[in-house]
1. Do we have ARG57 as assigned to a helix (DSSP H, G or I) and either of a type in the set (Lys, Arg) or within 29 Å of VAL111 (Cβ to Cβ) (or both) here?
2. Could you look through region 50-72, keep only residues that are of a type in the set (Gly, Ala, Ser) and surrounded by 12 or more Cβ atoms within 10 Å (Cβ to Cβ), and pick out the one that is modelled with the lowest pLDDT?
3. How about region 135-148: which of its residues are of a type outside the set (S, T, N, Q) and either touching a residue at least 12 places away in the same chain (Cβ under 8 Å) or buried (at least 21 other Cβ atoms within 10 Å of the Cβ) (or both)?
4. Anything in region 14-24 that is within 16 Å of LYS76 (Cα to Cα) and modelled with pLDDT under 95? List them, or say none.
5. Which condition does PRO50 not pass, out of (1) part of a loop (DSSP other than H, G, I, E, B); (2) over 26 Å from HIS123 (Cβ atoms), if it passes all the others?
6. Condition (residue is loosely packed, with under 14 Cβ neighbours inside 10 Å, part of a loop (DSSP other than H, G, I, E, B), in contact (Cβ under 8 Å) with a residue 60 or more places away in the chain and not basic (Lys, Arg)) applied to region 160-182: is it met by at least one residue?
7. Surrounded by 15 or more Cβ atoms within 10 Å (Cβ to Cβ), at pLDDT 95 or above and touching a Pro at 6+ places or on another chain (Cβ under 9 Å): does that describe ILE11?
Amino acid sequence: MIGGVTVRATIEDLNGRPVELTEERWSHVVERHPEIRSFHQTVLRAVEAPDHHISGRLANEEWFYLKTDRPSNWLKVVVAYVEGRGQIVTALRKEINAMTITIGSSTFDNVFYDADVDVLYLHVGDPSTAVEFDESPEGHALRFDADGRLVGVTIVGAKSLIDADGEIAITLPEVVHVDSDTVAPALASV
């Protein structure tokens, strides 16, 4: 017990920061998402060694994703950080359809859309292959491998752009127009 709070587990996240799972938060998770009850160790593993990791909605929040038993099923764990220490806030399963998306000459086989923040993540294979980072004139994050090949694109506001313009423009260095039919399966996958 720390400061009147019962800590169920303490682990280190992928960056070596301590993260706690309290009894109160675990009760919250299983009350709201009873299907998670048998995934206690998997929730911890998602923070220790996630398949995907992004900033959350709040400045002190980070989201950790771990692929689970089916190709389209992910475990999402939300961690809030204060002064270098994290606390697991919630965890839930997310259904994501496996698919590929081709933009220009690149076919992205690692496709993940986070509807909570309207961000579409596209990558060729493992995201850790990216070693160079840039931004397109439209504001999309571009990732390149050691040979300078485009291996990743992050599109913030993907659904909003499609809804407003019917397409997404990306300069790679040529301007590529991605129509709604291309990204619709990813945007509808949640």
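The values are calculated or read from the model by the stated rules, or taken from the named source; none is laboratory data. Just so we're clear, the structure is a prediction, and the values are computed from it rather than from any experiment. We place every Cβ from the backbone using ideal geometry, glycine too, and count neighbours over all the protein chains shown.
1. Answer is no for this residue.
2. Selected residue: SER72.
3. PRO137, GLU138, GLY139, HIS140, ALA141, LEU142, ARG143, PHE144, ASP145, ALA146, GLY148
4. LEU14 - this is the single residue of region 14-24 that is within 16 Å of LYS76 (Cα to Cα) and modelled with pLDDT under 95.
5. Looking at each condition in turn, PRO50 falls short on (2).
6. Yes, that holds for at least one residue.
7. yes
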